Amino acid sequence: MSEGDAGHAVEFTGPERVDVVPIDDPVPEPDEVVVEATVSAVSAGSELLAYRGDLDPETVADEELSALDGDLSYPLRYGYAVVGRVTAVGDAVDPTWRGRTVFAFNPHESRFAVPPDELRPVPEGIAPKTATLFANAETAVTLAVDTAPRLGERVAVFGQGVVGLLTTALLARSGAETVVAVEPRDDRRALASEFGADATVDPSRHDGRAGVVEAVRERTGGVDLAVEVSGRPETLETAVESVRFDGEVVVGSWYGTKRADLGFGDHFHRGRVTVRSSQVTTIAPELRGRWDRERRRETAWRELRRLDDDLDVTERLVTDRVPVADAPTAYRRLADERERTLQLLFTY
C-alpha cells in the first residue's frame with residue numbers, strides 16, 4: 001500500500017457480519033508515530049468469538065492496550081497482531097523511529113497512530129510474516145512458564161491451534177518426559193508430532209469423554225499437567241479427568257459467553273486437582289520477582305526465531321494470506337470447521 005492510497009479497517013458490525021470501512025489518514029500527536037501496516041495476523045480463537053457473537057458486550061476489551069479501549073459491543077474493531085513500518089513521527093519522538101519495522105497490538109487497520117512505547121521493534125532477521133506470530137508466541141511462552149513441568153513429568157495439551165502448537169513445541173523442549181497433543185483434526189495432529197509431541201490423541205475416534213481420558217492415560221499413565229487451549233469449555237472436564245492425583249490443569253482458552261455443563265466429580269474432588277487460568281496480559285503473581293514483561297517479550301522473540309529456524313513454523317502455521325479487502329470472506333472461511341485454515345494473515 002502506498003502512502004497515497006485510502007486507508008481501511010476491519011470492523012465487526014454484528015454476529016457473522018464484517019465490513020471493511022474507510023479510515024482517514026492519521027496525524028500523529030507530538031508523542032506518537034504513524035505505522036503503515038504490511039501484514040496482520042487473525043487470532044482465530046479471540047476473533048471468532050467476535051465474529052460469532054460470543055463476546056459479552058459489556059466486557060472491557062483490554063485495559064492494558066490503549067488500541068483496544070472501550071468495550072466489546074458492536075461495531076467493534078478487534079485484533080492485536082499488526083506488523084508494519086513507521087512512516088511518520090511526532091515532534092517529540094526520536095526521529096530514528098522513522099522507517100523501523102514494528103509489531104503493534106492493534107486492530108486490523110492499514111494505518112494508525114500510536115505512542116512508540118506501545119510498539120515492539122521487530123528484531124533484525126525476523127521477517128514481517130514471522131513477526132505476526134509474536135503475540136501467539138508470547139502466549140505460548142506464558143503457558144509454558146505457568147505450566148513449568150518438572151523433569152520427568154507428563155503433559156497433555158488439549159487443542160492444537162496456533163497457540164496449542166507453539167505451546168506443544170515449547171513444552172517438548174522442556175524437562176517434560178512426555179507431551180501428548182489432543183486434537184480432532186488430522187493435519188494439526190501431524191504438525192504437533194512434527195513440533196515434538198511424543199503422542200497424539202484424536203478425540204473423535206473415542207467413545208465420549210471417558211474414551212479420550214483412557215486414550216491419554218494409555219499413552220502416559222496419566223498426566224501430571226494439562227493445558228486447555230481448545231477454546232471449547234466442554235474440553236475442560238476431559239482435561240481435569242486426565243490428570244493424576246494432585247495434578248494441575250492450566251486453562252489458556254478464552255470462552256467468551258460460551259458455556260458447557262461441566263461436572264467435576266469424584267476424580268476432581270478426591271484427586272485434589274487444581275484448575276487455574278493463564279493469561280498473557282499479566283505475569284503470574286508467584287513469578288513477578290523473577291519475570292517481568294520485558295523478559296517475557298525477549299523470550300518470546302528468541303523462541304519464535306529458534307522455532308522458525310528449527311521447524312520452519314511460519315510456513316507450517318500460516319496457511320492463508322488474504323488482502324484485507326477480502327476480510328468478510330476470510331472470516332467465513334475461518335469459521336468453517338471443514339476448512340484447513342490454521343493461521344490467516346491479512347495483507348495490505
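The values are calculated or read from the model by the stated rules, or taken from the named source; none is laboratory data. The shown structure was predicted, so the numbers you read here are calculated from the model rather than taken from an experiment. All Cβ positions, even for glycine, are placed from backbone atoms using ideal geometry, and neighbour counts span all protein chains on display. Surface areas here come from the heavy atoms of the whole protein model, side chains and all, with no ligands, DNA or RNA. Shrake-Rupley method; radii C 1.70, N 1.55, O 1.52, S 1.80 Å.
Of all GluC sites (Glu not before Pro) in region 253-348, which ones are in loop regions per DSSP and have a Cβ with at most 11 other Cβ atoms within 10 Å? Taking region 253-348 and a limit of 11 other Cβ atoms within 10 Å, the loop GluC sites (Glu not before Pro) found are E337.
How large is Rg over Rh for region 1-133, taking Rg from the Cα atoms and Rh as the Kirkwood inverse mean of 1/r across Cα pairs? Please list the in-between numbers first.
Values: Rg = 14.8 Å, Rh = 15.3 Å.
So for region 1-133, dividing Rg by the Kirkwood Rh gives 0.97.
Share of pairwise Cα-Cα distances greater than 40 Å in the chain is 13 percent (whole percent). Label separation (A127 vs T347): 1.1 nm, computed from points 7 Å beyond Cα along the C-beta direction.
When the helix-only estimate is applied to the chain (DSSP H runs of n ≥ 4, each -39,500 (n - 2.57), divided by the residue count), what is the mean residue ellipticity at 222 nm, nearest 500 deg cm²/dmol? If you can, show how the numbers build up before the last one.
Working: 11 runs with 106 residues, N = 348.
My calculation for the chain gives -9000 deg cm²/dmol from helical runs alone.
Computed on the chain, with alpha-carbon pairs under 8 angstrom and 6+ residues apart, the relative contact order is 17 percent. Comparing A172, A88, A210 in a Gaussian network model of the chain where C-alpha atoms under 10 Å apart are linked, the largest mean-square fluctuation is found at A210.
Using only Cα positions of region 111-235, each an equal point scatterer, no hydration layer, compute I(q)/I(0) via Debye at q = 0.14 Å⁻¹ and quote the log10 values to two decimals. Rounded to two decimals, the profile gives -0.62.
Please check which bits of region 128-160 a label hung off R302 would reach, taking the label as a point 7 Å along Cα-to-C-beta and the cut-off as backbone N under 18 Å. The answer is 134-135, 137-149, whose backbone nitrogens lie closer than 18 Å to the label point.
Using a 1.4 Å probe on the protein heavy atoms, what percent of the accessible area of region 155-205 belongs to carbon and sulfur?
Values: 650 of 1570 Å².
Percent of accessible area from carbon and sulfur atoms in region 155-205: 41.
Applying 1/(1 + (r/R0)^6) with R0 = 35 Å to the Cβ-Cβ distance of E118 and D246, what FRET efficiency is obtained, to the nearest 0.05?
Numbers: r = 41 Å, r/R0 = 1.17.
Computed FRET efficiency for E118 and D246 comes out at 0.30.
Would you mind getting me the FRET efficiency between E286 and D24? Use the beta-carbon distance for r and R0 = 41 Å, nearest 0.05. Could you put the intermediate results ahead of the total?
Working: r = 46 Å, r/R0 = 1.12.
E between E286 and D24, to the nearest 0.05, is 0.35.
On a full-extension model of 0.36 nm per residue, what is the gain between E218 and E194, subtracting their alpha-carbon distance, rounded to one decimal in nm? Write out the running numbers ahead of the final one.
Working: separation 24, 0.36 × 24 = 8.64 nm, distance 2.10 nm.
Answer, rounded to one decimal: 6.5 nm.
Between E58 and R333, the modelled label-to-label distance comes to 3.8 nm, taking each label 7 Å out from Cα in the direction of the beta carbon. For the chain, the antiparallel share of DSSP beta bridges with both residues in that region comes to about 55%. With respect to the chain, whose longest principal axis is taken over its alpha-carbon atoms, helix 162-172 is tilted by about 60°. A straight chain from K258 to T319 at 0.36 nm per residue would run longer than the Cα-Cα distance by 19.3 nm.
Could you list the trypsin sites (Lys or Arg not before Pro) in region 259-348 that lie in coil according to DSSP, counting only those with at most 14 other Cβ atoms within 10 Å of their Cβ? Walk me through the numbers on the way to the answer.
Numbers: sites: R259, R270, R272, R276, R288, R290, R293, R295, R296, R297, R302, R305, R306, R316, R321, R332, R333, R338, R340; in loops: R259, R272, R288, R290, R338, R340.
Sparse-neighbourhood loop trypsin sites (Lys or Arg not before Pro): R259, R272, R288, R290, R338, R340.
Checking every one of the trypsin sites (Lys or Arg not before Pro) in region 131-235 against DSSP loop status and a limit of 11 other Cβ atoms within 10 Å picks out R150. Rolling a 1.4 Å probe across the protein heavy atoms gives region 1-132 an accessible surface of 45 Å² per residue.
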